[in-house]
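Notes to accompany the following structure.
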Amino acid sequence: MTTAPKLSFDVQQSHAARTPAERERVLAAPGFGQTFTDHMVSIDYTEGQGWHDGRLTAYGPLTLDPATSVFHYAQELFEGLKAYRQENGSIVAFRPYANASRFNISARRMAMPEVPEETFVEALELLVQTDRDWVPSTEGHSLYLRPFMIATQVGLGVNYPSKSYRFMVIGSPAAAYFAGGVKPVSVWLSQDYTRAAPGGTGFAKCGGNYAAAFVAQRQAVENGCDQVVWLDAFEHRYVEEMGGMNLFFVFGDRLVTPDLTGTLLAGITRDSLLTLAADLGLAAEERKISIDEWREACASGELTEVFACGTAAVITPVGSVKGVEGGWTIGDGAPGPVTLRLRDELMGIQYGTRPDPHGWVHKIC
Ligand SMILES: *Cc1c(COP(=O)(O)O)cnc(C)c1O
């Protein structure tokens, strides 16, 4: 963790904040990532000076020179986490320091400056405290927080990373990510495209990974599936991730999840579920799993459930698989008991209806 003098934030309240009635209309059906709260946080970075000009201002458009580096060379990264309104009225974030730490892992890979973890968390807290009325109270809803960083140097020189950056946090009230709640998704095994290769940026949460993924996601939909499953870059045989989520395979009371080889994104939900599995007496293994093993273990009945996990959609069951060589169903295609148990356990901690033995919940206000 970087030790730097504590950054202070200049607070400029919005003059265009929406009325309580307007806000309630949004909160009645927030969707996902469609509407934003009244404020945003920004901090600028200049080489030689470090982070400066922390501020909370009205949410609104940015004015940037067309030659700003981020538009051309995609030096950008982001995070995603949620603030939850708990039963007792407190608003909490789930493991925000884990996001801060991962943000800096991404920053190092993208040759961008690290944000001190305290500053990262203070920026989230400031936005959530200011816009606390935007944190939904409906069960299963939350305020999705999106910290991100862009390269702001103006110029097309491509030999060096930008010398200036902006870190920002915006917030968006969110319902369940996939319409239909815990309805199982169908997945397409991508043979044509690769998400990440060794030495690349697979472990970094950078926008470029997503830009390169849309074509495969579109192909999944063209093949009648909801989501794409990424395979390893060499053999297109070992399972890596599903879209922007990590995958778990349930063999009765044993969980298997692909190991973190550097081409996978190390999900905080994934990490939390490995811990919760141990608490619940489920064995958990991190290892390679091939599409052949997936198919054969489904056929023999050994593999009983598959689910994907991530902050936005929590835990989503996978019901069926399709690839160029055909497809198969997992179990009876319905959400399984281990999937639902882990989902209840995790959401119980996030919403404060269950004890939090690992101290994951961080009170904001
Ligand atoms: C963000 C992300 C995940 C999930 O990470 P969480 O910390 O659990 O939200 C998984 N895979 C990819 C590619 C991601 O970008």
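The values are calculated or read from the model by the stated rules, or taken from the named source; none is laboratory data. Because the structure is predicted, anything quoted here is derived from the model rather than measured. Positions of Cβ are generated from backbone atoms using ideal geometry, with glycine treated the same way; all protein chains shown enter the neighbour counts.
Just a few scattered comments:
- All of 309, 298 fail the test of being touching a Phe, Trp or Tyr at 6+ places or on another chain (Cβ under 8 Å) and buried (at least 22 other Cβ atoms within 10 Å of the Cβ), apart from 309.
- Verdict on residue 228 being in a loop (DSSP other than H, G, I, E, B) and either within 11 Å of the ligand (Cβ to nearest atom) or buried (at least 17 other Cβ atoms within 10 Å of the Cβ) (or both): no
- Any hit, region 204-218, residues being touching a residue at least 12 places away in the same chain (Cβ under 8 Å), more than 13 Å from the ligand (Cβ to nearest atom) and among the small types (Gly, Ala, Ser): no
- Counted as qualifying within region 294-339 are the strands (runs of 3 or more DSSP E) with 1 or more residues that are in contact with a helix residue (DSSP H, G or I) (Cβ under 9 Å, 6 or more places away or on another chain), farther than 22 Å from residue 280 by Cα and away from the ligand (no atom under 16 Å from the Cβ), namely 314-323, 326-329.
- When 81, 77 are checked against the criterion of being within 15 Å of residue 164 (Cα to Cα), at pLDDT 95 or above and within 18 Å of the chain's Cα centre (by Cα), 77 stands alone in meeting it.
- Close pairs (6 angstrom Cβ cut-off, 6 or more residues apart or separate chains): more than 15 Å from residue 290 (Cβ to Cβ) and part of a loop (DSSP other than H, G, I, E, B) in region 250-269, within 11 Å of the ligand (Cβ to nearest atom) and of a type in the set (S, T, N, Q) anywhere: 267/246
- Some residue of region 281-290 being among the acidic types (Asp, Glu), over 30 Å from residue 126 (Cβ atoms) and either within 19 Å of the chain's Cα centre (by Cα) or assigned to a loop (DSSP other than H, G, I, E, B) (or both): no
- Test: residue 208 is in a helix (DSSP H, G or I) and more than 30 Å from residue 334 (Cβ to Cβ): yes
- Count - residues of region 262-285 that are in contact with a strand residue (DSSP E or B) (Cβ under 8 Å, 6 or more places away or on another chain) and loosely packed, with under 15 Cβ neighbours inside 10 Å: 3
- Note on region 11-110: enclosed helices (runs of 4 or more DSSP H) holding 3 or more residues that are within 16 Å of the ligand (Cβ to nearest atom) are 96-109.
- Sole exception among (1) more than 17 Å from the chain's Cα centre (by Cα); (2) within 24 Å of residue 105 (Cβ to Cβ); (3) assigned to a loop (DSSP other than H, G, I, E, B) for residue 239, by number: (3)
- Candidate set: region 245-271, residues that are near the ligand (Cβ under 8 Å from one of its atoms) and out of contact with any helix residue (DSSP H, G or I) (no Cβ under 6 Å at 6 or more places or on another chain); chosen: the one nearest to residue 316 (Cα to Cα): 245
- Considering 163, 205, 183, the condition of being of a type in the set (D, E, K, R) and out of contact with any Asp or Glu (no Cβ under 7 Å at 6 or more places or on another chain) is satisfied by 183 alone.
- Region 340-353: number of residues that are within 15 Å of residue 273 (Cα to Cα) and either of a type in the set (A, V, I, L, M, F, W, C) or outside any helix (DSSP H, G or I) (or both): 5
- Against the test of being modelled with pLDDT of 95 or more, within 16 Å of the ligand (Cβ to nearest atom) and either assigned by TED's automatic domain parsing to the domain that holds residue 54 or of a type in the set (Ser, Thr, Tyr) (or both), the options 152, 194, 130 yield a single qualifying residue, 194.
- Residue count for region 162-179 satisfying the condition of being farther than 22 Å from residue 99 by Cβ and modelled with pLDDT of 95 or more: 3.
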